[in-house]
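Notes follow the structure.
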Amino acid sequence: MALQHLQAVLARLYLDSAYRERFFAGPEAALRDEPLLEAERSQLLGLDQRQVERFARSLQSKRREAIREFVPATAHALGNGFRSRFARYAEQHRSTPEPLPDALQFAGYVAGQPDLPDWPRELARLDRLRLEILNAVFVPKPFPEEWTYRTLSLTPWARVARFEYDLAACYPAARVGDVVVRREVECWLLIGKSGPFQVRQQRVNEATARLLLMCDGTRSTSEVIREAGAVLRLNPPQRHDFAREAQELLTGLVRAGLIAVV
Amino acid sequence: MTSTDGASSQRLTPNAQRPQFGVSYRSRWRADILAQPPGLDCLEVIAENYLDAPPERLAELDALRERYPVLPHGVGLSFGSDAPLDPKRLRKTAILVERVQAPWFSEHLAFTEGGGLQIGHLAPVPFTREALAVVARNVRQWQSVVGVPLLLENITYGVQIPGDLTEAQFITELLDRTGCGLLLDLHNVHTNAVNLGFEAEAFLRDLPLERVCVIHLGGGFDEADGYRVDSHSAATPEPVWELLRWIRSRATPAAVIVEWDVDLPPFDVILRDVETARSILDEGKYGAAAPTSRSGAPLPG
């Protein structure tokens, strides 16, 4: 049981910079209330500060670089600020056993930071949506024979989102750190699983985005198409064309596993 | 490699056979590896990638297994933690081991969580009798659930925690008490020797080298102040090749695995390290027969 307490203190020393600073400023005082045997107390008092500091830095570095692999666009957008931003995140958020959930959490953290400009926040939002899709464990059902009157729902493999920048054009370059021409123009994206371990995003117009967002598990195919057409205030010939195109779109997305027929 | 049934009597004693040579699998090299290049005998995979994997990742694993012996290598069971191993994780590990028909499972002599905190990497256990008892207890828990031999790997330790045993004594007693085999990471030995100021060969001499079942090779880098980092981001350096030459007449591993985790090069670069490892061991005139699987049949490939 004493080893358990020793390891708890060691873990805090490795991860909590404030605790580490307090410990090495006054180790006996820092350990006063810890339930340690004399032998364990003595072991902790024998730690080399330089070694502990270096190990702590290496842990954060490993965590940071593991996460960078999953959020490359966010990392590039933050530039030299990535390291310090990550350090702040790491102090507030515990590491996860696997890096992907940690990266998801980090992307969400960056997206919500009010002191950051819009550009990195928007990229973080897109990175997060992509990671949500990658992290989803989902098995699509076989293509149904008749589904006109069954309800439609976006699957865990799909997201529809609006961005303040033309990320359809910018994201590929942003992902690899190339020079990006940022076009500040509203952009709707359909983000979806496109193959094993692959996620793709493509621009859709607002009408298509609204149609897809209606696939929320409460409407049948015919209701989705009818309501989307009504929002667009289409005349009857236009509504007929729209219905045909919408049906084709939805069929393709059902086949791709991005929409489920419930 | 032979093992006996029964958790309490599992002993790993590699026999004098030619080792198989492989790499730690990375998906970026998928196409190269599936093409089965000459000189690649086996693959090590990170177990955690397959415990809760989506169907496509499991399909990839099956495709690898069709072509190679697959050796699962865990990083998160935390055998060194003074806490029981996660039973759910153990069961998933057992399922994985069965899926790939693994001849053994390897993990690290380390702890990765303490006080409810995920450390995020392998932290050294103190080399004390209490820690020895804790690790042995966790190994017994493992042996009661997973039906293949367990190998434990030596790690780099940036922090020396005062203890009553040396690392070599700790490893020796642990293997003796549990019947586990040793996964000897030579770059970790080299890294610790550089950083902590001891002679690598002297350390190796104190280990039960007859219990070495797998050897890991790999590279890292030196920081500005000379501190060595085991980053798995570079080719195997010459001092590690020297250690492999030193050990070839003293140990008979069943497999030699080259690791490269970050800044991945083209596959032929890591394959060169595999070829170098093979030529070094061939120079030492290894024995002839192929290593066997747990069923006693020769490993395919």
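The values are calculated or read from the model by the stated rules, or taken from the named source; none is laboratory data. As the structure is a prediction and not an experimental result, all values here were calculated from the model. Every residue, glycine among them, receives a Cβ derived from its backbone with ideal geometry; neighbour counts consider all protein chains shown. The accessibility values were calculated without ligands, DNA or RNA, using every heavy atom of the protein model including side chains. Shrake-Rupley method; radii C 1.70, N 1.55, O 1.52, S 1.80 Å.
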**Prompt:** How much accessible area is lost when chains B and A come together, counting both sides, with a 1.4 Å probe, in Å² rounded to the nearest 100?
**Reply:** 3100
**Complete:** Any residue on another chain or 5+ positions along whose placed amide H is under 5 Å from the amide H of residue A:219 is listed here as A:152
**Fill in**
For chain A the mean separation of alpha carbon contacts under 8 Å (6+ apart) over residue count, i.e. relative contact order in percent, is 16
**Message:** Students often forget the sequence filter, so: which aspartates and glutamates lie under 19 Å Cα-Cα from residue A:141 once same-chain residues fewer than 8 apart are removed?
**Reply:** A:216, A:248, B:56
**Asked** For chain B, which span is the longest to avoid every loop-located (per DSSP) member of GluC sites (Glu not before Pro) having at most 16 other Cβ atoms inside 10 Å?
**Response** B:1-198
**Message:** Around residue B:191, under 12 Å between beta carbons, what's the net of Lys plus Arg minus Asp minus Glu among the other residues?
**Reply:** -3
**Message:** Taking the Cα centroid of region B:81-142 and of region A:37-73, what is the distance between the two, rounded to the nearest whole Å?
**Reply:** 20
**Asked** Any idea what the dipole of the protein assembly as shown comes to, in debye rounded to 20, about its Cα centre with Lys/Arg Cβ at +1 and Asp/Glu Cβ at -1?
**Response** 1400
**Request:** Evaluate peptide A:6-18: per residue, the Cβ atoms of other protein chains within 10 Å of its Cβ; return the mean as an integer.
**Result:** 6
**Prompt:** Of all the accessible heavy-atom surface of chain B, with the other protein chains kept in place and a 1.4 Å probe, what percent is carbon and sulfur?
**Reply:** 51
**Request:** With a ≥ b ≥ c taken as the square roots of the eigenvalues of the C-alpha gyration tensor of chain B, please select rounded if a/c is under 1.5 and otherwise prolate if a/b is larger than b/c or oblate if it is not?
**Result:** rounded
**Prompt:** What does the charge count near residue B:129 come to, summing +1 for each Lys or Arg and -1 for each Asp or Glu among other residues with Cβ under 10 Å from its Cβ?
**Reply:** -3
**Asked** If you keep only loop residues by DSSP, which chymotrypsin sites (Phe, Trp or Tyr not before Pro) in region A:95-158 have at most 10 other Cβ atoms within 10 Å of their Cβ?
**Response** A:149
**Request:** Apply 1/(1 + (r/R0)^6) to the Cβ-Cβ distance of residue A:200 and residue A:96, taking R0 = 45 Å, and write down the FRET efficiency to the nearest 0.05.
**Result:** 0.95
**Message:** Using a 7 Å offset from Cα along Cα-Cβ at residue B:129, what residues in region B:150-167 end up with backbone N under 11 Å from the label point?
**Reply:** B:164-165
**Message:** I need the shape label for region B:74-143. Rule: rounded when a/c is under 1.5, else prolate if a/b > b/c, else oblate, with a, b, c from the alpha carbon gyration tensor.
**Reply:** prolate
**Prompt:** Based solely on its DSSP helices, what 222 nm [θ] is calculated for chain B when runs of n ≥ 4 H residues each add -39,500 (n - 2.57) and the sum is averaged over all residues, nearest 500 deg cm²/dmol?
**Reply:** -10500 deg cm²/dmol
**Request:** Could you give the size of the charge dipole of region A:134-262 about its Cα centre, using +1 on the Cβ of each K and R and -1 on the Cβ of each D and E, expressed in debye and rounded to the nearest 20?
**Result:** 160
**Request:** Just need the relative contact order of region B:109-240 here, percent rounded to a whole number, with Cα pairs under 8 Å and 6+ apart.
**Result:** 21
**Item:** For the protein assembly as shown, with +1 on Lys and Arg beta carbons and -1 on Asp and Glu, the positive-most of A:106, A:51, A:237 along the dipole
**Value:** A:237
**Request:** Compute the Cα gyration tensor for region A:151-262, then decide on rounded, prolate or oblate, letting a ≥ b ≥ c be the square roots of its eigenvalues: rounded whenever a/c is under 1.5, prolate when a/b is larger than b/c in the other cases, and oblate in all that remain.
**Result:** oblate
**Prompt:** So what is the relative contact order of region B:204-287, in percent, for Cα pairs below 8 Å that sit 6 or more residues apart?
**Reply:** 33
**Complete:** Restricting to aspartates and glutamates and to Cα separations under 20 Å from residue B:88, and discarding same-chain partners fewer than 8 apart, the set is A:98, B:48, B:52, B:98, B:107, B:113
**Asked** Which value in nm describes the separation of the simple spin-label points at residue B:164 and residue A:162, placed 7 Å from the Cα toward the beta carbon?
**Response** 6.9
**Complete:** Using alpha carbon centers only, region B:212-238 is separated from region B:164-197 by a whole-angstrom value of 16
